[in-house]
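Heads up: the structure comes next, in structure tokens.
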Amino acid sequence: MSGYYKSFFTILAAAFLVSCETSVDVDLPETEPSITLNGYLANDSTINFELTESVQIFTEGEFPAVAGADVLLKEDGLEIGNFTEERPGFYNSDVMPVAGKTYELTVTTNDNMTLSAISTIPESAIIIVASSLERIKRDGQDYYLLKLRIDDPEIKNYYEVAVYNFTPQVD
């Protein structure tokens, strides 16, 4: 009987090792391209963004740039700054956003499509106490748990905290 089981499990294992591949053709409807504005506002860098056109699913390559757009930037409702097209679809300004101000970006393409975005730069939070640095070892890596108490403005917000390890050199 043991020879029977050995043969059975060998055949069963071989069946699992042989893989099948099936191609499935999916009939997806074609959609009109849409314009995408991708940018990031922070009070430590100038305002810039990229303007591209969407592509059909499974299309390889880069997104087509949307060049030659007219750009209007407002700070708290007043028009400010100029944008230059650094390369096709990439627009750059010399304006540094200021915490607490609201910025409105309006972009009009050569096809008269208009996009707009509004964002307010939050006030900086002040870290009151940084305490309890605890070393944690997980999956062979060292991690540090740092507890912070922040004087948070009275608005819902999310924060990115960067922590650097600095070891002074002693001569």
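The values are calculated or read from the model by the stated rules, or taken from the named source; none is laboratory data. All values reported here derive from a predicted model rather than from experimental measurement. Methodologically, a virtual Cβ is constructed for each residue, glycine included, from the backbone with ideal geometry; neighbour enumeration extends over all protein chains shown. Side chains included, ligands, DNA and RNA excluded: accessible areas come from the protein's heavy atoms. Shrake-Rupley method; radii C 1.70, N 1.55, O 1.52, S 1.80 Å.
Would you indicate which of (1) 0.96; (2) 1.16; (3) 1.23 is the value of Rg/Rh (Cα atoms, Kirkwood Rh) derived from the coordinates of this structure?
Computed from the coordinates, Rg/Rh (Cα atoms, Kirkwood Rh) corresponds to (3).
If Lys and Arg each add +1 and Asp and Glu each add -1, what is the summed charge of the other residues whose beta carbon sits under 11 Å from the beta carbon of Asp76? Display every interim value, and only then the final one.
Numbers: positive: Lys74, Lys101; negative: Glu75, Glu79, Glu104.
Local net charge: -1.
Taking Cα atoms, how many degrees apart are the long axis of helix 2-17 and the longest axis of the chain, rounded to 10 and kept between 0 and 90?
30
Taking only protein heavy atoms into account and a 1.4 Å probe, give the accessible area per residue of segment 30-104 in Å². Before the final figure, lay out the partial values.
Numbers: 4870 Å² over 75 residues.
Per residue, segment 30-104 has 65 Å² of solvent-accessible surface.
In nm², what is the average projected area of the convex hull enclosing the Cα atoms of segment 72-142?
Details: hull surface 37.9 nm².
Its average projected convex-hull area is 9.5 nm².
Go ahead and estimate [θ] at 222 nm for the chain from helices alone: -39,500 (n - 2.57) per DSSP H run with n ≥ 4, summed, over the residue count, rounded to 500. Write down the numbers at each step before the final one.
Values: 1 runs with 16 residues, N = 171.
The helix-only estimate for the chain comes to -3000 deg cm²/dmol at 222 nm.
Given axes a ≥ b ≥ c from the Cα gyration tensor, I'd like to know whether segment 57-97 is rounded (a/c under 1.5), prolate (a/b larger than b/c) or oblate. If you can, show how the numbers build up before the last one.
Numbers: a/c = 3.05, a/b = 2.45, b/c = 1.24.
Note, shape of segment 57-97 comes out prolate.
Let me know the charge dipole size of the chain about its Cα centre in debye, to the nearest 20, where only the beta-carbon of Lys, Arg (+1) and Asp, Glu (-1) is charged.
Values: 10 positive and 28 negative charges, 246 e Å.
So the dipole magnitude of the chain works out to roughly 1180 debye.
If I take all pairs of Cα atoms in segment 22-85, what percentage of them are more than 12 Å from each other?
Details: 1577 of 2016 pairs.
Summing the P(r) of segment 22-85 above 12 Å gives 78 percent of all pairs.
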